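Student: This is the structure, below, for whatever I ask next.
The values are calculated or read from the model by the stated rules, or taken from the named source; none is laboratory data. Not measured: the values here are computed from a predicted model. Here the Cβ is made from the backbone with ideal geometry for all residues, glycine too, and neighbour counts use every protein chain on show. Heads up: the accessible areas ignore ligands, DNA and RNA and are worked out on the full protein's heavy atoms, side chains in. Shrake-Rupley method; radii C 1.70, N 1.55, O 1.52, S 1.80 Å.
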Amino acid sequence: MLIRAKAPLRISFAGGGTDVPPFPEQEGGLVLNATINRYAYGTLRPRPDDNIQINSLDYGTSAEFGVNEPLVFAGSDSGGFDLLLHSNAPPGSGLGSSSAMMVALIGALTEFRGLPLTDYELAELAHTIEREELGIKGGRQDQYAAAFGGFNFIELSGDRVVVNPLRVAPDTVLELEHNLLLCYTGTTRQSDHIIEDQTARFEEGNEDAVAGLRSQKELAVEMKNALLQRRLRDFGELLHTAWEAKKRISKRISNDRIEEHYEEARKAGAIGGKVTGAGGGGYVLLYCRYDRKHEVAERMIQLDAAVDEFAFEPGGLRTWRVDDD
């Protein structure tokens, strides 16, 4: 018997950074995001012995452990297993792939152990492992997006998280898919140094950083309302405003390559856009005029960016079992 799990990656529209400590503890965070049809996958095969082998196709690495070593999840009474992990987006892409992978991994293990975790418990466990035990810096939105799926307006106050699923009209979702482009800049990044700079600037009371984060909260609310009210032209323009505000948080969020891509996309017909994650590289999300989207795509290709269309994923983490043929 094989146990499989898949968790969707996400794009963040506004509020990114307000989920990173210490901002949510001091002022509360608000994030608007949605999951897309890119996934982190895990396949678990039980073993007859007490060994655990983990293979990551994304990193081309593997590791083997004894089942009684303390890193093992939820005890050792179920024996060993082989675990294969992979995703269809590169690490450091800005789509929350590391958090989605953690959610998929925990999903496979909870199915294997028969543990009944709620979506909130699973997302919080993924956050604890990734942020506290592994020391990977970042916020809280990614784990919750991967666990819940769909369009979500997420409220954060310290350790308290409330996920508000949004009932976005089906025609609005289709129109978004029609007008949005994901453009891969060809560079991945580790977000730790960006997060560290953002945190330091906020703690120092840097006016730009504080104003940028507060603007992200306001824009998350405005963009949520625009989505629910089907005002997509406004949504595209707010996406641009959110990007300008995000760059105030840290000077490391953008760079010359990102700025060139974004400026050229705007000239070609993009109304607004932003980097999808902490910044510094990965994917740029662009909202285009419907009659200029092809021109934007052509210009991005000329700048050596890979252009992807995508669909939104309404579901979150899924696990299932299949016979091992």
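Student: Could you order peptides 97-107, 144-154, 27-37 by the average number of other Cβ atoms within 10 Å of their residues, highest first?
Tutor: Those peptides, ordered most packed to least, come out 97-107, 144-154, 27-37.
Student: Tell me the carbon and sulfur percent of the accessible area for the chain, rounded to whole percent, probe radius 1.4 Å. The partial results should precede the final answer.
Tutor: Numbers: 6490 of 13890 Å².
Within the chain, the accessible surface is 47 percent carbon and sulfur.
Student: Mind ordering 306-319, 79-92 by average Cβ neighbours within 10 Å, highest first?
Tutor: Highest to lowest by the protection proxy: 79-92, 306-319.
Student: Can you work out ³J(HN,Hα) from phi for every residue in region 161-170, in order, using Karplus 6.51 cos²θ - 1.76 cosθ + 1.60 and θ = phi - 60°, giving whole Hz and x for Gly and Pro?
Tutor: Couplings: 10, 10, 9, 9, x, 9, 8, 6, 4, x Hz.
Student: Would you check the accessible area of GLU64, probe 1.4 Å, heavy atoms only, in square angstrom rounded to 10?
Tutor: 110 Å²
Student: Among ILE136, SER56, GLY273, whose Cα lies farthest out toward the positive end of the dipole of the chain, if unit charges sit on the beta carbon of Lys, Arg (+1) and Asp, Glu (-1)?
Tutor: Farthest towards the positive end: GLY273.
Student: How far is it, in nm, from the label point at GLU25 to the one at HIS178 when both lie 7 Å from their Cα along the line to the Cβ?
Tutor: The modelled label-to-label distance comes out at 4.7 nm.
Student: Test of understanding: in a Gaussian network model of the chain with alpha carbons linked when under 10 Å, which of ILE136, ILE194, ILE253 would top the mean-square fluctuation ranking?
Tutor: Comparing ILE136, ILE194, ILE253 in a Gaussian network model of the chain, the most mobile one is ILE136.
Student: Could you give the size of the charge dipole of the chain about its Cα centre, using +1 on the Cβ of each K and R and -1 on the Cβ of each D and E, expressed in debye and rounded to the nearest 20?
Tutor: 900 debye
Student: Please report the spacing between the Cα centers of region 85-119 and region 194-243 in Å, no decimals.
Tutor: Rounded to whole Å, the Cα centres lie 27 Å apart.
Student: So, for the chain, what is the accessible surface per residue at a probe of 1.4 Å, expressed in square angstrom?
Tutor: Here the residues of the chain average 43 Å² of exposed surface.
Student: GLY186's amide H: which non-local residues (gap 5+, or another chain) put their own amide H closer than 5 Å, with H modeled 1.01 Å from N in plane and none for Pro or chain starts?
Tutor: So GLY186 has HN proximity to GLY282, ALA306.
Student: Quick one: if you stick a label point 7 Å off each Cα along the C-beta vector at GLN302 and ASN37, how many nm between them?
Tutor: Simple spin-label model gives 3.0 nm for this pair.
Student: Tell me the angle of helix 207-228 to the major Cα principal axis of the chain, expressed in degrees between 0 and 90 and rounded to the nearest ten.
Tutor: Here the helix axis deviates by roughly 90 degrees.
Student: Between the DSSP loop rule and a limit of at most 15 other Cβ atoms within 10 Å, which trypsin sites (Lys or Arg not before Pro) in region 210-243 are left? Walk me through the intermediate numbers first.
Tutor: Numbers: sites: ARG214, LYS217, LYS224, ARG230, ARG231, ARG233; in loops: ARG230, ARG231.
Sites meeting the loop and neighbour criteria: ARG230.
Student: Now for a different question. If you wrap a convex hull around the C-alpha atoms of region 1-151 and split its volume per residue, what is the figure in Å³?
Tutor: Hull volume over Cα atoms, normalised by residue count, gives 112 Å³.
Student: Over 25 Å between Cα atoms: which of LYS224/LYS293; LYS6/LYS247; LYS217/LYS274; LYS137/LYS224 fall into that group?
Tutor: LYS6/LYS247; LYS137/LYS224
Student: Counting alpha carbon pairs within less than 8 Å and at least 6 residues apart, what relative contact order, in whole percent, applies to the chain?
Tutor: So the answer I get is 26 percent.
Student: Using label points projected 7 Å from each Cα along Cα→Cβ, tell me how many nm separate ASP208 and ARG231, to one decimal.
Tutor: Between ASP208 and ARG231, the label points sit 3.0 nm apart.
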